[in-house]
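S.K.: Below you'll find the structure I mean.
The values are calculated or read from the model by the stated rules, or taken from the named source; none is laboratory data. Computed from a predicted model, the values in this text were never measured in an experiment. Cβ: placed from backbone, ideal geometry, glycine included. Neighbour counts: every protein chain shown.
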Amino acid sequence: MARDYYGTLGVGQDATPEELKRAYRKLARELHPDVNPDEQAQQRFREVTAAYEVLSDPQKRKIVDLGGDPLGGGPGGGGGAGMRDPFGGAGFGLGDIMDAFFGAATGGGSGRGPRSRVQPGSDALLRMELTLDECLTGVSREITVDTAVLCDHCQGSGCAPNTRPQTCEC
């Protein structure tokens, strides 16, 4: 299971960057090792700092919002089918290498992660284990993607054509 970065800072997923900073500073003042020498407080300070570093970076925050963990995960780490970090947590991954060759024009990002606040038209992320040979030579795989389907009657508007909005019974 992915870490709850928002819960660690005590903010909601709709928190603005200013709200994130305010929550982080408040917790950091309480938990900083110079102020609170307790070992548990120091561990919590490290967690709060990691959460703020992730959520203050727009790309990492997007991964979190899509259900992933940009720092990897401990046990269960985000739920990929046998997906491991082949670089041993060295701070970069295959996505970084691909970005170096192809740049952000390809959509960028490492594509790790869970889901939560998905917007219509947003990118879909998929974890897939590939061998190094498959990465180098290429591979084609067929996947199935579940998509949201609009109501045939109201097309998601909640009302029939040429009528005022009202609750749809479909």
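S.K.: Which residue pairs have Cβ atoms closer than 7 Å, lie 6 or more positions apart in sequence or on different chains, and pair a first residue in region 7-20 that is on the phi > 0 side of the Ramachandran plot with a second residue that is aliphatic (A, V, I, L, M)?
M.R.: Matching pairs, first to second residue: Gly10/Ala23.
S.K.: Taking Val35, is it in contact with a helix residue (DSSP H, G or I) (Cβ under 8 Å, 6 or more places away or on another chain), assigned to a loop (DSSP other than H, G, I, E, B), of a type in the set (A, V, I, L, M, F, W, C) and surrounded by fewer than 18 Cβ atoms within 10 Å (Cβ to Cβ)?
M.R.: yes
S.K.: Here's something else I'd like to know. Considering region 1-25 alone, what residues qualify as being under 12 Å from Val48 (Cβ atoms), among the aliphatic types (A, V, I, L, M) and either part of a loop (DSSP other than H, G, I, E, B) or in contact with a Lys or Arg (Cβ under 7 Å, 6 or more places away or on another chain) (or both)?
M.R.: Across region 1-25, the qualifying residue is only Val11.
S.K.: Any chance you could count how many residues in region 38-85 are at pLDDT below 90, within 16 Å of Arg3 (Cβ to Cβ) and surrounded by fewer than 12 Cβ atoms within 10 Å (Cβ to Cβ)?
M.R.: So the count comes out to 3.
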